[in-house]
Amino acid sequence: MTDTLKAASIEAMDIDETDAAAGRTAPAEASTGSQPDRPGRSGRRRNFWTSWTFYVVAGILALLFASPLAWLFLSSFKSSAEFAQVPPTYLPETWSLENYTALADAGLWTYTLNSVFAAAGTVVLATVLSTLAGYGFSRFRFRGSGVLFIVLLSTLMIPFQSIIPALYAILDSLALTNSVLGLILVYTSFVLPFGVFTMRASFQAIPGGMEEAAIMDGASSWQTLWRIMAPMVVPGMATVGIFAFFNAWNEFLAALIFTTQQESFTLPVALANLQSGAFGTFDWGVLEAGAIVSAVPCILVFLLLQRYYVAGLTAGAVKG
């Protein structure tokens with residue numbers, strides 16, 4: 001019995017010593033764990049320098065791309081005498097509105113309105129037709145739909161310069177040369193393949209259950225398209241609209257061929273005619289002022305709709 005009691009007391013003493021040792025080490029471990037580890041600090045420091053480097057590089061690239069536009073804008077305020085000065089000046093010595101006045105006297109507003117009407121009509125017609133065709137190719141299955149879609153896309157590989165004689169013959173037979181309506185039809189035919197492809201991808205990214213729910217509620221195909229589906233593909237429609245606007249606003253060759261009367265010229269064609277100054281000299285001031293007038297609408301449209309443009313280009317990449 002005595003031996004048993006001695007063994008029990010020795011075991012109890014060992015347990016107390018073990019608990020005491022644990023109690024001494026616990027605070028040390030807790031204090032060690034409460035301090036932030038150094039790898040976390042280095043990681044944050046590395047992320048800071050990485051983001052700082054990204055913004056510096058992006059800022060330098062943005063400055064490089066914006067500097068020609070800034071130089072073009074400043075140079076448009078030079079006088080014709082300063083353009084002929086040797087050595088040339090980088091900044092205007094005297095600010096002048098001579099170039100913009102020359103554009104206004106030459107009928108700038110008439111040419112600008114022609115371009116506005118041609119671009120606006122192309123945007124509306126191309127967006128509507130692309131939405132209808134994209135919805136049809138996405139939601140309806142009919143014999144030859146795949147082949148027809150491939151044929152439509154294959155027209156992107158055809159240089160439009162090669163079909164201009166045929167287009168001119170068609171417009172001339174319809175008495176649509178020297179008219180904004182004729183330019184709208186031509187520009188729309190250029191934009192449609194890309195527009196249909198974009199809208200088809202946009203509609204395919206929408207789950208089919210949305211359309212089925214609308215049909216079960218009694219909506220017709222037209223009501224389903226315009227009330228349910230169309231609001232969900234606004235980014236794709238904006239992408240088609242921006243693409244159509246840029247093409248119609250900046251297009252030169254077709255407008256040069258299909259318009260032979262001066263009052264029907266668009267802005268790019270008018271600028272090409274106004275760039276020649278006295279005695280056949282190249283009028284850089286008028287050309288640069290006209291380039292600024294042409295670039296401002298494009299910049300504004302893109303800045304206002306760029307988030308829709310990016311979303312529309314990525315539509316259909318991941319299906320919901």
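The values are calculated or read from the model by the stated rules, or taken from the named source; none is laboratory data. Note that this is a predicted model, so its numbers are computed, not measured. All Cβ positions, glycine included, derive from the backbone under ideal geometry; neighbour counts span all protein chains shown. What goes into the accessible areas is simple: the full protein's heavy atoms, side chains included, and nothing from ligands, DNA or RNA. Shrake-Rupley method; radii C 1.70, N 1.55, O 1.52, S 1.80 Å.
A few notes on this one:
- Leading residue by the ranking (farthest from Ser115 (Cα to Cα)) among those in the stretch 288-307 that are buried (at least 16 other Cβ atoms within 10 Å of the Cβ) and of a type outside the set (Val, Ile, Thr): Leu305
- Pairing residues of the stretch 184-204 that are open to solvent by less than 20 Å² (accessible area, probe 1.4 Å) with residues that are not in a helix (DSSP H, G or I), at Cβ distances under 7 Å and at least 6 apart in sequence or on separate chains, gives Tyr187/Glu251; Ser202/Ala315; Ser202/Gly316.
- Test: Ala201 is in a helix (DSSP H, G or I) and either modelled with pLDDT of 85 or more or on the phi < 0 side of the Ramachandran plot (or both): yes
- Checking each residue in the stretch 111-145 for being open to solvent by 40 Å² or more (accessible area, probe 1.4 Å) and either in contact with a strand residue (DSSP E or B) (Cβ under 6 Å, 6 or more places away or on another chain) or in a helix (DSSP H, G or I) (or both) picks out Leu113, Val116, Phe117, Ala120, Val124, Leu125, Val128, Leu129, Leu132, Arg139.
- Some residue of the stretch 100-110 being loosely packed, with under 10 Cβ neighbours inside 10 Å, modelled with pLDDT of 80 or more and acidic (Asp, Glu): yes
- Checklist (1) modelled with pLDDT under 85; (2) open to solvent by 70 Å² or more (accessible area, probe 1.4 Å); (3) assigned to a helix (DSSP H, G or I) applied to Gly285, failing item: (2)
- Being more than 13 Å from Ala254 (Cα to Cα) and open to solvent by 70 Å² or more (accessible area, probe 1.4 Å) is a property that Leu156 has.
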